[in-house]
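Engineer: The structure follows.
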Amino acid sequence: MQQERTVSPADPSPMVVVEHLVKRFGSFNALSDVNLEVAKGEKIVLCGPSGSGKSTLIRCINHIEKHDSGRIVVDGIELTDRICDINNVRSEVGMVFQSFNLFPHLSVLENCMLAPMKVRGLAESEAHQRSMALLRKVRIHDQANKYPAQLSGGQQQRVAIARALCMQPKIMLFDEPTSALDPEMVKEVLETIVELAQDGMTMVCVTHEMGFAREVADRVVFMDRGSIVEEGDPSRFFRAPNTERAKAFLNQIIH
Amino acid sequence: MNSLDFSIVVQAWPYLWSGLLFSLSLTAAAFLVGMFLGTLFALVQHFELRILSQLVRSYVALMRSIPLILVLFWFFFLVPIVLGHLSGNGRPVPVGATYTAFITFGLFEAAYYSEIIRVGLRAVNKGQFEACQALALSTFDTYRHVVLPQVFRVASPIILSQTIILFQDTSLVYVLSLTDLLGAASKLAQLNGRLVEMYLAVAVVYLMIGCAASQFVASLRRKYAIAGARR
Amino acid sequence: MFTVLLEKTVDGQRYIDWLVSGLGWTLALAFFGWWIAFAIGVVVGIGRTVQNPFLRALARLYVEIFRNIPVLVQMFLWYFVLPELLPTTMGDWIKQIPPPWGTFLPALWCLGLYTAARIAEQVRAGIEALPRGQDEAAAALGLSGYLAYRHIILPQALRLIVPSLTSEVMGIYKNTSVALTIGVMELTAQARQISDATFQTFAAFGAATLIYLALALIAYQTMMLIDKAVRIPGTAPGREAGGSDFDAVKLESPVPNGMEVVK
């Protein structure tokens, strides 16, 4: 395996540590012995063929999937089965899903305000203020009182990003945020994520958008069959991958 | 609290058993008649036969809106009169509670089954009809060999669930003083005064039959879910 | 045909007053029974979907028992059997509840618990029909357990099952007639009493039938209004009120394995 560390920022303690992570679905090994460290402020792009375990990995970091063995430490808190730890971690980790998963029965604004009020205990006025500010940031504040089904896919995904940001997470996980979108809407969502990256947010993003990866990622991590096969600087990785499997994969997504 | 004595139930079992057989045969008869008429009713509505489908629709809506007990009372009163008119001399023909129950349940259930089949008919893929036309099948053959078998198959869990409810509803013939399972228990209870034991025993018998039947329906549903039919 | 209803009865009322009184009892049973059923049904339905295996089994047991025993047999169990099984003083106390409450309360309780089992299955089906992403999104925001059910799952599941609850509403008001077997003088019982007293069976049953039809129409329209009122903006209407027949059949409802037509 290639080890090619980029320089980590000033704060030395990592945001996420994953060690010897194993996750099985029945007899299928979705993740076998995965090790990954994400530094504070670092932006990582995870790529790889479908079924390679990249989505499973970030779902484990948020404990939406329970891992079978290994360690996951998020911002100093180790993920065990203790429910308070799980909720502590989850409220520090923002997640954006492929299929948006907005709450259809709540307005855009209510989608954003719910968790800050109920989980963080924010007062309504404060939650309102924060939500509007973040909706403005993703440029969708004028739709605040609409319902998810009344928005386009790109708009829905931007709301989902704002909703996650409302919890003031320390890290954002993106699970193929643009792959359920029509092509003309991909750009508006990617721009939003780029802006977020420029603000210094730590993020792990599963995506095949190579232009985006070149622009934003500090490091590209390539996974195949449940393991990390190769990682490195994006410009180098896309130009000249070291492994045959990465070469084959890149050939496929280019053509 | 009196001490319970369930040996009384064992003694009464032959009588209860004959009551249960009546409940089951009423269920079976109502199922057959109800399914036959229900399918006809559904087809009439499906083909939108002008006056007939209006009539059928009203009949179904009426039956589904009033309690079964009231329907039983109606038929108990009406059937002799109608039969009297049919036989020509205009005199009411006393038919007795048993026949009334069979006629009522058959006609009543037809309304419920027809709704299930009507909706099932609407759910059949349009392409199936087009394929039949392309094969030059007659309308009769289209429905007999292609459409209805699919409807019955898709709707079979719902049809069976409805039949379980029908079986439970046969207990309502109590109001006609018939000797179904509950009626048998109630008559014995009035004789021997052990109504606690009798009613509890009846409840357990219904519970066991109901659980077994709904288990069967659930397994049928799972099977179809796996086979990829609509869920 | 209905003029007989305006004649005087032996107790100095008019027959139509009997019908009105019967309608009152029918409505009381259906209305209060519905709220008992809805409250218990939602709780049991949630119980069917929680992680805890003990609670799940308990909820399942409830549904199997109350759904698989005919409502008439349950009526007898509450009215005849329960007082005998309780300690003597308590049983005697129950038996001494003055009429009409002595029959009304067991009937109400019985209808409520029976219908609750059916509602519980609808609620369960509604919850299971929600996309998994909703659970996951709630979890990712730190909303778990009670908060997720309260704010995310239930509001959506209940909206989803409004069409199928229509037939449960129609079910409970029709089942109120079963209460006549333990002596509640509800609408069907009054109709029969009028028929027995006057031999005007057509008029007596006809009037009761018309009243039941009106109730069905009101129940159906009310549920349609509720369905419209709680519809989420931007989503397609589940099912438009088509024609005059009130068909609340399940196949077309969004809930896949909901229970079927009730009577």
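Engineer: Give region A:127-144 a look and list any residue that's among the small types (Gly, Ala, Ser) and part of a helix (DSSP H, G or I), or say none.
Structural biologist: A:ALA127, A:SER131, A:ALA133, listed by residue number.
Engineer: Shifting gears a bit: Considering each of C:ALA197, C:ALA191, C:ALA216, C:ALA203 in turn, give the residue that is buried (at least 24 other Cβ atoms within 10 Å of the Cβ) and either touching a residue at least 60 places away in the same chain (Cβ under 8 Å) or in a helix (DSSP H, G or I) (or both).
Structural biologist: Answer to the check: C:ALA191.
Engineer: Taking region B:65-87 only, how many residues are more than 7 Å from chain C (Cβ to nearest Cβ) and open to solvent by 10 Å² or more (accessible area, probe 1.4 Å)?
Structural biologist: Total satisfying the criteria: 11.
Engineer: If you don't mind, there's one more thing I want to ask. Count, please, the residues in region C:146-162 that happen to be more than 20 Å from A:GLU110 (Cβ to Cβ) and open to solvent by 20 Å² or more (accessible area, probe 1.4 Å).
Structural biologist: Final tally of qualifying residues: 0.
Engineer: Inspect region B:142-159 for any residue being among the small types (Gly, Ala, Ser) and in contact (Cβ under 8 Å) with a residue 12 or more places away in the chain and give the result as yes or no.
Structural biologist: Yes: one or more hits.
Engineer: On to the next question. When the residues of region A:171-206 are narrowed to those that are small (Gly, Ala, Ser) and out of contact with any Ser or Thr (no Cβ under 7 Å at 6 or more places or on another chain), which ends up surrounded by the most Cβ atoms within 10 Å (Cβ to Cβ)?
Structural biologist: A:ALA197
Engineer: When you go through C:GLY112, C:GLY142, C:GLY126, C:GLY133 one by one, which is the residue that is within 18 Å of the chain's Cα centre (by Cα), open to solvent by less than 20 Å² (accessible area, probe 1.4 Å) and closer than 27 Å to A:MET117 by Cβ?
Structural biologist: C:GLY126
Engineer: Taking region C:91-109 on its own, how many of its residues are without any contact (Cβ under 8 Å) to a residue 40 or more places away in the chain and in a helix (DSSP H, G or I)?
Structural biologist: Selection size over region C:91-109: 8.
Engineer: Check off (1) open to solvent by 10 Å² or more (accessible area, probe 1.4 Å); (2) at positive phi; (3) touching a residue at least 60 places away in the same chain (Cβ under 8 Å) for A:ALA217 and give me the number that stays unchecked.
Structural biologist: Exception for A:ALA217: condition (2).
Engineer: Could you list, in sequence order, the residues of region C:142-163 that are at pLDDT below 90, more than 17 Å from C:VAL50 (Cβ to Cβ) and facing chain A (nearest Cβ under 10 Å)?
Structural biologist: Passing the criteria: only C:GLY142.
Engineer: From the list B:LEU191, B:LEU182, B:LEU207, pick out the single residue that is touching a Pro at 6+ places or on another chain (Cβ under 9 Å) and either modelled with pLDDT of 85 or more or more than 16 Å from B:LEU4 (Cα to Cα) (or both).
Structural biologist: B:LEU182
Engineer: Next question. Filter region B:173-195 for residues that are within 8 Å of chain C (Cβ to nearest Cβ), touching a residue at least 12 places away in the same chain (Cβ under 8 Å) and either open to solvent by 10 Å² or more (accessible area, probe 1.4 Å) or over 25 Å from C:VAL184 (Cα atoms) (or both) and give the result.
Structural biologist: B:TYR174, B:VAL175
This table checks each residue for (1) under 24 Å from B:ALA213 (Cβ atoms); (2) buried (at least 19 other Cβ atoms within 10 Å of the Cβ); (3) touching a Leu at 6+ places or on another chain (Cβ under 8 Å).
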{"residue": "C:GLY41", "(1), (2), (3)": "yes, yes, no"}
{"residue": "C:GLY45", "(1), (2), (3)": "yes, yes, no"}
{"residue": "C:PRO83", "(1), (2), (3)": "no, yes, no"}
{"residue": "C:LYS95", "(1), (2), (3)": "no, no, no"}
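Engineer: Within region A:39-90, restricting attention to residues that are open to solvent by 40 Å² or more (accessible area, probe 1.4 Å) and polar (S, T, N, Q), which residue is nearest to A:GLU209 (Cα to Cα)?
Structural biologist: A:SER50
Engineer: Okay, next question. Return the only residue of B:LEU16, B:LEU20, B:LEU4, B:LEU26 being touching a residue at least 40 places away in the same chain (Cβ under 8 Å), closer than 27 Å to B:VAL204 by Cα and open to solvent by 60 Å² or more (accessible area, probe 1.4 Å).
Structural biologist: Of the residues listed, the single one that is touching a residue at least 40 places away in the same chain (Cβ under 8 Å), closer than 27 Å to B:VAL204 by Cα and open to solvent by 60 Å² or more (accessible area, probe 1.4 Å) is B:LEU4.
Engineer: So which residues in region B:47-58 are within 14 Å of chain C (Cβ to nearest Cβ), modelled with pLDDT of 90 or more and open to solvent by 60 Å² or more (accessible area, probe 1.4 Å)?
Structural biologist: If the condition is that a residue be within 14 Å of chain C (Cβ to nearest Cβ), modelled with pLDDT of 90 or more and open to solvent by 60 Å² or more (accessible area, probe 1.4 Å), then B:GLN54, B:LEU55, B:ARG57, B:SER58 are the ones that fit.
Engineer: For C:ILE153, indicate whether it is touching a Phe, Trp or Tyr at 6+ places or on another chain (Cβ under 9 Å), part of a helix (DSSP H, G or I) and β-branched (Val, Ile, Thr).
Structural biologist: No.
Engineer: Could I ask something else about it? May I ask you to verify whether C:LEU105 is over 30 Å from C:PHE2 (Cβ atoms), away from every other protein chain (no Cβ under 14 Å) and surrounded by fewer than 18 Cβ atoms within 10 Å (Cβ to Cβ)?
Structural biologist: Yes: the conditions hold for C:LEU105.
Engineer: Look through region A:42-62, keep the residues that are away from chain C (no Cβ under 14 Å) and in a loop (DSSP other than H, G, I, E, B), and return whichever of them is nearest to C:ALA139 (Cα to Cα).
Structural biologist: Residue satisfying both the conditions and the ranking: A:GLY53.
This table checks each residue for (1) away from every other protein chain (no Cβ under 14 Å); (2) in a helix (DSSP H, G or I); (3) among the β-branched types (Val, Ile, Thr); (4) out of contact with any strand residue (DSSP E or B) (no Cβ under 6 Å at 6 or more places or on another chain).
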| position | (1), (2), (3), (4) |
| --- | --- |
| C:PHE32 | yes, yes, no, yes |
| C:ALA59 | yes, yes, no, yes |
| C:TYR62 | no, yes, no, yes |
| C:PHE66 | no, yes, no, yes |
| C:VAL73 | no, yes, yes, yes |
| C:TRP78 | no, yes, no, yes |
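Engineer: Counting only residues that are under 24 Å from C:GLY171 (Cβ atoms) and basic (Lys, Arg), give me the helices (runs of 4 or more DSSP H) lying completely in region B:35-128 with at least 1 of them.
Structural biologist: Fully inside region B:35-128 and qualifying: B:50-65, B:96-123.
Engineer: Something else about it: Give the residues of region A:96-124 that are in contact (Cβ under 8 Å) with a residue 12 or more places away in the chain, among the small types (Gly, Ala, Ser) and out of contact with any helix residue (DSSP H, G or I) (no Cβ under 6 Å at 6 or more places or on another chain), sorted by residue number.
Structural biologist: Within region A:96-124, A:SER107, A:ALA115 qualify.
Engineer: Right, C:LEU29: of a type outside the set (S, T, N, Q), open to solvent by 20 Å² or more (accessible area, probe 1.4 Å) and out of contact with any Cys (no Cβ under 7 Å at 6 or more places or on another chain) or not?
Structural biologist: Taking the combined requirement at face value, the residue does not satisfy it.
Engineer: In region A:115-126, is there at least one residue being within 8 Å of another protein chain (Cβ to nearest Cβ), under 30 Å from A:LEU57 (Cβ atoms), of a type in the set (A, V, I, L, M, F, W, C) and open to solvent by 20 Å² or more (accessible area, probe 1.4 Å)?
Structural biologist: Yes, that holds for at least one residue.
Engineer: Against the definition (within 9 Å of chain B (Cβ to nearest Cβ) and out of contact with any Ser or Thr (no Cβ under 7 Å at 6 or more places or on another chain)), how does C:ALA191 come out, yes or no?
Structural biologist: It is true that C:ALA191 is within 9 Å of chain B (Cβ to nearest Cβ) and out of contact with any Ser or Thr (no Cβ under 7 Å at 6 or more places or on another chain).
The values are calculated or read from the model by the stated rules, or taken from the named source; none is laboratory data. Everything numeric here is computed off the predicted structure, so don't read it as measured data. Note that we place each Cβ from the backbone using ideal geometry, even for glycine, and neighbour counts take in every protein chain shown. With ligands, DNA and RNA removed, areas are computed over all heavy atoms of the protein, side chains included. Shrake-Rupley method; radii C 1.70, N 1.55, O 1.52, S 1.80 Å.
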